[in-house]
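Okay, so here's the structure we're looking at.
The values are calculated or read from the model by the stated rules, or taken from the named source; none is laboratory data. In this text, all values refer to a predicted model and were calculated from it rather than measured experimentally. Please note: Cβ atoms are built from the backbone with ideal geometry, for glycine as well, and neighbour counts cover all protein chains shown. We work out accessible area using only protein heavy atoms, side chains counted, and drop any ligands, DNA or RNA first. Shrake-Rupley method; radii C 1.70, N 1.55, O 1.52, S 1.80 Å.
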Amino acid sequence: MPIVRVALDIPLPTLFDYTVAEGMAVGVGQRVVVPFGRRQIVGVVMERIAATDVPVERIKQVLRVLEDTVPLSAGLLDLLRFCSDYYRYPVGQVVLSALPIRLRFDKPVIAKQEKNFRLTPGGAVLNLDDFPKRKVVQRRILAKLAAQPCNLAQLKSLSATVGKQLKELEGEGWVESYSSAPSLGLPLQGDASITQHTFDSVHTLTDEQQQAVDAVAQTGDYACFLLHGITGSGKTEVYVHLMHRVLQRAGQILLLVPEINLTPQLEGYFRRRFPDVNLISLHSGLSEGERLHNWQQAQNGAAQIVLGTRLSVFAELPGLELIIVDEEHDSSFKQQDGLRYSARDVAIFRASQCGVPIVLGSATPSLESYLNAQSGRYRMLRLTGRALATARLPSMRCININQTVMHHGISENLLREIGQRIARKEQSLLFINRRGYAPVLMCGGCGWLSGCKHCAGKMVLHLSDRRLRCHHCGYQVRVPSACPDCGNADLHPVGSGTQRVESVLQERFPDARILRVDRDSTRNKHAWKTMREQIHANEVDILVGTQMLAKGHDFPELTLVGVLNPDSALYSSDFRAAERLFAQLAQVAGRAGRADKPGEVLIQTAFPDHPLFRALQKHDFEGWAASQLVERQMAGFPPFMYQAMLRAEGRQETEVYAFLDQAHSSAVGLQHAVEILGVVPAALPRRANHIRAQLLIQSAKRKDLQQFLRAWQPLLDGLPAQKLRWSVDVDPLEF
Ligand code: ADP
Ligand code: ZN
Ligand code: ZN
């Protein structure tokens, strides 16, 4: 009797064997329903085998094959197997978590019917010259439909009123709508209409852009390119031209972006550049139905461009010909729980698996990618100037906070500059990486600090609703009227967050329009969109915001950026803190002076001579990266070392440490060529009443580390850890 090995969403590092009844056709990649314990659950067939070790009396039968979806491809299954092995995560959980939620359950998958439009026979013979000239949009629609039938998304790029205009055209009898058959995800390849697309080529490429495009376009096989270009150098334009070339060959493109907040904007941008190309997005902000629909469009090849956040790296893409990872250095490509994968690294593996080129783009590449580009493993493509001849890089200056008058965290110099911008009707942005009013409340009598009773961290003061909130565990209390320790009423905020900066500015510039952009002010789904529109309409004088504002947005009236408290990252215990700060400041500085107005960046610091600020001022990423790499090499840190972190947490300190100590001994006992560090408390040693500690393993060779982890995992699985949560994080970013 044939046997299949099935991936199930069960936290065990194994596949599960089932028999297949006579007459039941089950193929690799198909979704099946199987009995598991007392439940019936959905799994994916990974292999067919002839014999199993499972005793005959225990083996069960596949109950049903779910035929309403196309089987997963062998290529995708290989990719998922690789991730399971590399990131040490149960294969079944990897496979199931890569699927849209709807496909993980035993419910019929009803594909969304797509509404399409085409010309009626009458519409087809209509002479556009006889059609009323003033009906501009209708003329455009007719012209477009004369070339080929379109779906609504494709027509929407023509005008905002397309829906209404279509109704009129339908009423006149020139156009008719039809639903396409529910898509089962059947491949659409070979559809000749795909190759014809409009390409809105607005710019002549600069020489550097052209060279970058040519280098990638000439590659028919796997190659990894690092596109290193300062903000505004026209990386996006390079992406667009590369996409155009792939679209001409009817290939699919995967474009990975870090931020879900940015996807609507980017979606709009690429739709405008390729008005009749089917572009879909994949990110966690979509409804389950949308995600399934989009995923299936990618699977059947109908989606030509897939724009998504990290999870989209697992989309089926039968015609994949190019992968682009924008802002490749961004840490949000790394998932911090469950399958702790780096979408950038998985994308590189996928590109090599499929034999297609991949482009990593950034103004401040990660040191990992940068080193690879220098050593020749990746190919370096540089854009050294700003694409718009008129746009200049912003000038940067440090303000020494020890030599100037400060007003609750804002220097007098900075306030003066803001005043000048307001007078000139230009925008200013104050960047501070802390939300709330103040990071801590302190008692002037006894020195009490507002610690969280569940965590090792401090509670942040939120004045708007007079609460202390822990940003680690969410615990909150009302602001006490007196010190809980000594009863003193003299409690005062220490340090600044976005709310405090906002209120200082309000006092100083009572007539200014101030907008605060942080996680608190943008909680509402549409708030951020409305804010962006306000900024673009120049209805804002001063923006106060966290890193949300640093990324990718283009604000033409913005000419001043003030950076309020970058110093803690300079001397952090996390060796990547400085790298991240450089990237963040370069990015936030890139917001200033993008159009024809020169921008200025003022950095408030106690260390104006720090090499990081010097390098930033000279826009010298190369010099900075070189010095960082020397430091990393001497200290034996990544990218010269490969790391894996074992983390554990639990209520009892003794249990947490006993587990990690045993893990340590078993690691040592394996006698592999890896370095095993000591068991230490986590950076936040207590969170939500759980004690947290960790153990780091590293090796100069990735292969050695991988071999070690494969041997270590079963030993870890065998350790007593009933009351603990533990995980292995390969290539960890957080310490
Ligand atoms: P990046 O992605 O590197 O930050 P963008 O691609 O957004 O840069 O380009 C910055 C600006 O320069 C945009 O307004 C873009 O339209 C413009 N631009 C890009 N390439 C060219 C070019 N070859 N000629 C003129 N303008 C260009
Ligand atoms: Zn006190
Ligand atoms: Zn807490």
Q: Quick one: of LYS115/LYS167; LYS458/LYS723; LYS156/LYS551; LYS164/LYS525, which pairs are farther than 20 Å apart, Cα to Cα?
A: LYS458/LYS723; LYS156/LYS551; LYS164/LYS525
(Q) Suppose the chain between PHE105 and ALA423 were pulled fully straight at 0.36 nm per residue; how much longer would it get relative to their current alpha carbon spacing? (A) 108.5 nm
**Q.** Inter-part distance where region 663-735 and region 271-309 are each reduced to a Cα centre, Å
**A.** 38 Å
**Q.** Those residues of region 225-267 whose amide nitrogen sits under 19 Å from the label point placed on HIS203, 7 Å along Cα→Cβ
**A.** 226-246, 265-267
Q) What longest range of the chain stays clear of loop-exposed GluC sites (Glu not before Pro) (DSSP non-H/G/I/E/B, at most 13 other C-beta within 10 angstrom)? A) 68-538
Q. Among all cysteines in the chain, which have no other cysteine Cβ under 4.7 Å from their own Cβ?
A. CYS83, CYS150, CYS224, CYS354, CYS398, CYS473
(Q) Tell me the mean residue ellipticity at 222 nm calculated for the chain from its helices only (DSSP H runs of n ≥ 4, each -39500 (n - 2.57), averaged over every residue, nearest 500). (A) -9500 deg cm²/dmol
Q) Counting only protein heavy atoms, what percent of the accessible surface of region 114-180 is carbon or sulfur at a 1.4 Å probe? A) 53 percent
Q | Proximal aspartates and glutamates to LYS107, defined as alpha-carbon separation beneath 15 angstrom and excluding residues fewer than eight positions away on the same chain | A | GLU67, ASP68, GLU288
Q: Please work out how much accessible surface TRP448 shows to a 1.4 Å probe, ignoring ligands, DNA and RNA, in Å² rounded to 10.
A: 40 Å²
Q. Rounded to the nearest whole Å², what accessible area per residue is found for region 642-730 with the 1.4 Å probe?
A. 49 Å²
(Q) Through the Karplus equation 6.51 cos²θ - 1.76 cosθ + 1.60, θ set to phi - 60°, convert the phi angles of region 12-17 into ³J(HN,Hα) values in whole Hz; use x for Gly and Pro. (A) 10, x, 8, 9, 10, 8
**Q.** Built amide H within the under 5 Å cut-off of LEU282, gap 5+
**A.** LEU307, GLY308, THR309
Q. How big, in percent, is the set of alpha carbon pairs in the chain lying more than 46 Å apart?
A. 29 percent
Q. Which Cα, out of GLY23, PHE82, GLN211, lies furthest along the positive dipole direction of the chain (beta carbon charges, K/R +1, D/E -1)?
A. GLY23
(Q) Residue by residue through region 88-101, what is 3J(HN,Hα) from phi via Karplus (6.51 cos²θ - 1.76 cosθ + 1.60, θ = phi - 60°)? Round to whole Hz and write x for glycine and proline. (A) 6, 9, x, 4, x, 5, 5, 4, 5, 6, 7, 8, x, 3
Q. How high is the FRET efficiency from GLN248 to LYS701, r the C-beta distance, R0 51 Å, rounded to 0.05?
A. 0.75
Q: With N denoting the number of residues in region 51-91, provide Rg(C-alpha) divided by 2.2 N^0.38 Å, to two decimal places.
A: 1.61
(Q) Assuming 0.36 nm per residue, please report the length gained on full extension of the stretch ASP465 to TRP528 beyond their Cα-Cα distance. (A) 20.6 nm
Q: Please name which of VAL656, ALA626, ALA223 has its Cα lying farthest along the dipole of the chain towards the positive end, using unit charges on Cβ (Lys, Arg +1; Asp, Glu -1) and the Cα centre as origin.
A: VAL656
Q: Quote the charge dipole size of region 692-735 about the Cα centre in Debye, to the nearest 20; the model charges only the Cβ of Lys and Arg (+1) and of Asp and Glu (-1).
A: 60 debye
Q. What percentages, rounded to whole numbers, describe P(r) for region 192-383 computed over all alpha carbon pairs with 10 Å bin width beginning at zero?
A. 9, 39, 40, 11, 1
Q.
List the residues, sorted by chain then number, that are 5 or more residues from VAL561 or on another chain and whose placed amide H is less than 5 Å from its amide H.
A. LEU429, GLU600, VAL601, LEU602
Q.
At 1.4 Å probe size, with the rest of the protein present, what percent of the exposed accessible area of region 642-730 is carbon and sulfur atoms?
A. 51 percent
Q.
Give the aspartates and glutamates reachable from LYS144 as a straight Cα distance under 20 Å; neighbours fewer than 8 places away on the same chain don't count.
A. GLU114, ASP129, ASP130, GLU168, GLU170, GLU172, GLU176, ASP191, ASP200, ASP276
(Q) Could you give each residue of region 265-275 its phi-based ³J(HN,Hα) in whole Hz, using Karplus coefficients 6.51, -1.76, 1.60 with θ = phi - 60°, and x for Gly or Pro? (A) 5, 5, 4, x, 4, 6, 4, 5, 6, 10, x
Q | Neighbourhood charge, 12 Å Cβ-Cβ cut-off, centred on ARG273 and excluding it, Lys, Arg +1 and Asp, Glu -1 | A | -2
Q) For region 418-444 and region 85-99, what is the separation of their C-alpha centers, rounded to whole Å? A) 44 Å
Q) In nm, to one decimal, how far is the modelled label at GLU67 from the one at GLN671, with both set 7 Å along Cα→Cβ? A) 5.7 nm
Q: Identify the residues of region 79-98 with backbone N under 17 Å of a label point that sits 7 angstrom from the Cα of LEU719 along the Cα-to-Cβ direction, or state none.
A: 88-89
Q: Putting +1 on Lys and Arg Cβ atoms and -1 on Asp and Glu Cβ atoms, find which of VAL728, THR14, PRO132 reaches farthest to the positive end of the dipole of the chain.
A: PRO132
Q | About the Cα centre, charge dipole magnitude for the chain (Lys/Arg +1, Asp/Glu -1 at Cβ), debye | A | 1140 debye
Q) Measuring with a 1.4 Å probe in the full set of protein chains, what accessible area per residue, in whole Å², belongs to region 192-383? A) 32 Å²
Q) Under 12 Å from the 7 Å Cα→Cβ point of ALA489, by amide nitrogen: which residues of region 427-466? A) none
**Q.** Between region 323-352 and region 150-165, the alpha-carbon center distance in angstrom
**A.** 34 Å
Q | Stokes-Einstein D (µm²/s) once Rh is taken as the Kirkwood radius of region 114-180 over alpha-carbon pairs, at 20 °C in 1.002 mPa s | A | 183 µm²/s
**Q.** Estimated inter-spin distance, SER352 and ASP53, nm [label 7 Å along Cα→Cβ]
**A.** 3.0 nm
(Q) If R₀ is 25 angstrom, what is the calculated FRET efficiency for the pair LYS135 and ALA537, using the beta carbon separation as r and rounding to 0.05? (A) 0.25
(Q) Restricting the calculation to Cα positions, tell me the Rg (one decimal) and the Dmax (whole number) of region 632-708 in Å. (A) 13.5, 38
Q) What length, rounded to one decimal in nm, is gained on full extension from ASP214 through to ARG416, with 0.36 nm per residue of separation minus their alpha-carbon distance? A) 68.0 nm
(Q) Report for the chain the percent antiparallel among DSSP-assigned beta bridges with both residues inside it, nearest 5. (A) 55 percent
Q: Quick one: which residues, 5+ away or cross-chain, put their amide H under 5 Å from the amide H of HIS329? H built at 1.01 Å from N.
A: SER366
